[in-house]
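Engineer: Before I ask anything, let me first share the structure, which is written out below as structure tokens.
The values are calculated or read from the model by the stated rules, or taken from the named source; none is laboratory data. Small disclaimer: the values here were computed from a predicted structure and weren't measured. Using ideal geometry, Cβ is built from the backbone for each residue, glycine included, and neighbour counts are taken over all protein chains shown.
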Amino acid sequence: MRAIMSNQRIRIRLKAFDHRLIDRSTLEIVETAKSTGAQVRGPIPLPTRIERFTILISPHANKDARDQYELRTHKRLIDIVEPTEKTVDALMRLDLAAGVDVQISLG
């Protein structure tokens with residue numbers, strides 16, 4: 001197989017609120033890239049961003065009555081080193097879950 005460029009790499013960043021969804025999508029990408037003969041680095045788990053919200057549940061006066069909610073954003077990083085044209089085509093055809101945000105950059 002011929003590499004697209006000698007020092008080319010594809011960096012894929014995934015974001016999702018559900019860790020099971022992001023792990024499944026990561027596994028699909030890694031298996032697809034490896035099946036086409038590309039070298040894969042990762043998945044690298046990046047720090048989870050946790051947003052916490054505190055809401056007063058009492059309509060009036062009771063300051064101690066509160067509910068707390070949190071929103072966790074899970075992130076993963078995958079590097080595909082020296083991808084072939086076959087690798088790029090396979091990744092373009094890949095259908096990932098709707099709750100996963102994918103950012104792709106070439107470097």
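Engineer: Checking residue 50 against (1) more than 22 Å from residue 39 (Cβ to Cβ); (2) modelled with pLDDT under 95; (3) aliphatic (A, V, I, L, M): exactly one of these is not met. Which one?
Structural biologist: Single failed check for residue 50: (2).
Engineer: Where residues in region 50-73 are basic (Lys, Arg) and surrounded by 10 or more Cβ atoms within 10 Å (Cβ to Cβ), which of them is nearest to residue 18 (Cα to Cα)?
Structural biologist: Quick first cut of region 50-73, residues basic (Lys, Arg) only: 52, 63, 66, 72.
Now drop any that are not surrounded by 10 or more Cβ atoms within 10 Å (Cβ to Cβ), which leaves 66, 72.
Numbers: 66: 25, 72: 8 Å.
Ranking the qualifying residues of region 50-73, first place goes to 72.
Engineer: Need at least 2 residues that are farther than 21 Å from residue 106 by Cβ, of a type outside the set (A, V, I, L, M, F, W, C) and in contact with a strand residue (DSSP E or B) (Cβ under 6 Å, 6 or more places away or on another chain) per element, so show me which strands (runs of 3 or more DSSP E) inside region 8-95 make the cut, counting only ones lying wholly within it.
Structural biologist: Working: elements: 9-16, 39-56, 66-81.
Output list reads 39-56, 66-81.
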